[in-house]
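Working notes, structure below.
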Amino acid sequence: MKNYHFLPVFLTLLGSYIGLHFYAASWFSRSFAAAPPASRNLRIIFLLLALYAPLAMFLRHRLASPSLDWFYAAAYAWMGIIFLSGTGFIFADFLKPSLRHFFGTSGLQHYPAGVLAALGLLLIYAFYGGLKSPAVKELNIIMPGLPPAMEGLRIAQISDVHIDSAYKLRQFSKTVDSVNAAKPDLVLFTGDLVDPGLTCKDRVGEIVRKLKPRLGLYGVFGNHEYYFGYEKAAACYREFGIKLLQNEAADAAGVRIIGLGDILTEKLTEKDVENILKKYHRPGVSILMSHQPVMYPLMAGSGDFIGFSGHTHRGQLFPFHLFSRIFYKYFYGLYRVGNSAFYVTSGAGTWGPPHAPAGPLRNPDNHPARKGVFRP
């Protein structure tokens, strides 16, 4: 496994985020011929806006209060607005010379207004997608060599909910209702359930306990549980009734379930992961939970698994789709590696700016499992 250097990545993202603000300020100044004092004031305004979201994140870690939800929500919404708008301005500037070639300078006199109108429609669509309830995706996976206990098993995966506000609680409640309607045998939480801004007494446990699959609730931590606080998050999971598996395994009526701690946050090496899987895997197919979709070839070489991951949010917001695909070979969807199958969900929630998540997995199909059918 390659070493994961968080600080350079963080600094690159932060620099890009601030840079987008200055580019947006410059675009407005150039496009509408702002006078020097107005251009200076515009840069100051955008600099303050660039500091808004980092300030909100800092405060959220230290001051979780429902009365400030609007402040945090506005900061996260602005993150989405500037990422879409900033990249839109860059694209518009890139496209402008070609358009000028065909239409001339006079034909582009309303170009800035057109760009803003197009971005406005895009932002309306983005907010609509982010505020609606998560969709439910159904999937059948045929697996040879399933143990009898896994024949026709119905599993629901819930991942990356990022509950940190009353709004996220309401959205999570709808997700749980959708999962219950599928009548799963087993529910897996693959990390990033809780986030700073939440306490374990904020109705989360009440909502989770509405889930009553016959084989129980199992989960692993995502990277955000470590930010939330490892011991505090573990206490939350116990309070919610979720069996936490951190580099360990459990059996549920003959079904072997293995859970890994967040690989990159715990800095688990390939040897660490291989040793954990060899220790807990047994002949046949086991279920494997791992928050981040990495090391799949190594896992498949250690046994036959049906694996569940999340973390990527399918990129969540343009242009992060591009970066996510670069950093994660297994980005979204079902992957066959050797005799194993791994599914990467886009999650049932969002971090930061709202988007349209793809939700939990279920399948009501009653097709007979002659070769072994996995129903997430």
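The values are calculated or read from the model by the stated rules, or taken from the named source; none is laboratory data. Computed from a predicted model, the values in this text were never measured in an experiment. So basically every Cβ, Gly included, is an ideal-geometry build from the backbone, and we count neighbours across all protein chains shown.
The table for this structure:
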{"item": "Qualifying residue in the stretch 268-284 (condition: under 16 Å from Q157 (Cβ atoms), crowded, with 19+ Cβ neighbours inside 10 Å and among the aliphatic types (A, V, I, L, M))", "result": "no"}
{"item": "Which listed residue is buried (at least 16 other Cβ atoms within 10 Å of the Cβ), of a type outside the set (A, V, I, L, M) and under 26 Å from the mean Cα position of the chain (by Cα), from P293, P297", "result": "P293"}
{"item": "Any hit, the stretch 248-264, residues being on the phi > 0 side of the Ramachandran plot and more than 24 Å from the chain's Cα centre (by Cα)", "result": "yes"}
{"item": "Residues (surrounded by fewer than 19 Cβ atoms within 10 Å (Cβ to Cβ) and in a helix (DSSP H, G or I)) located in the stretch 198-222", "result": "G205, E206"}
{"item": "Meets criteria (closer than 30 Å to Y76 by Cα and touching a Leu at 6+ places or on another chain (Cβ under 7 Å)) for M299", "result": "no"}
{"item": "Members of the stretch 150-172 found to be surrounded by 16 or more Cβ atoms within 10 Å (Cβ to Cβ) and either in a helix (DSSP H, G or I) or among the aliphatic types (A, V, I, L, M) (or both), listed by number", "result": "M150, L153, I155, A156, I158, V161, I163, K168, L169, Q171, F172"}
{"item": "Residue satisfying all of: in the stretch 21-64; within 24 Å of A166 (Cα to Cα) and of a type in the set (A, V, I, L, M); farthest from the chain's Cα centre (by Cα) among these", "result": "L63"}
{"item": "Given (1) in contact with a helix residue (DSSP H, G or I) (Cβ under 9 Å, 6 or more places away or on another chain); (2) at pLDDT 85 or above; (3) closer than 25 Å to G80 by Cα, index of the condition L198 fails", "result": "(2)"}
{"item": "Enumeration of residues in the stretch 226-247 that are acidic (D, E) and over 16 Å from D262 (Cβ atoms)", "result": "E239"}
{"item": "Any hit, the stretch 207-217, residues being within 16 Å of D164 (Cα to Cα) and within 23 Å of the chain's Cα centre (by Cα)", "result": "yes"}
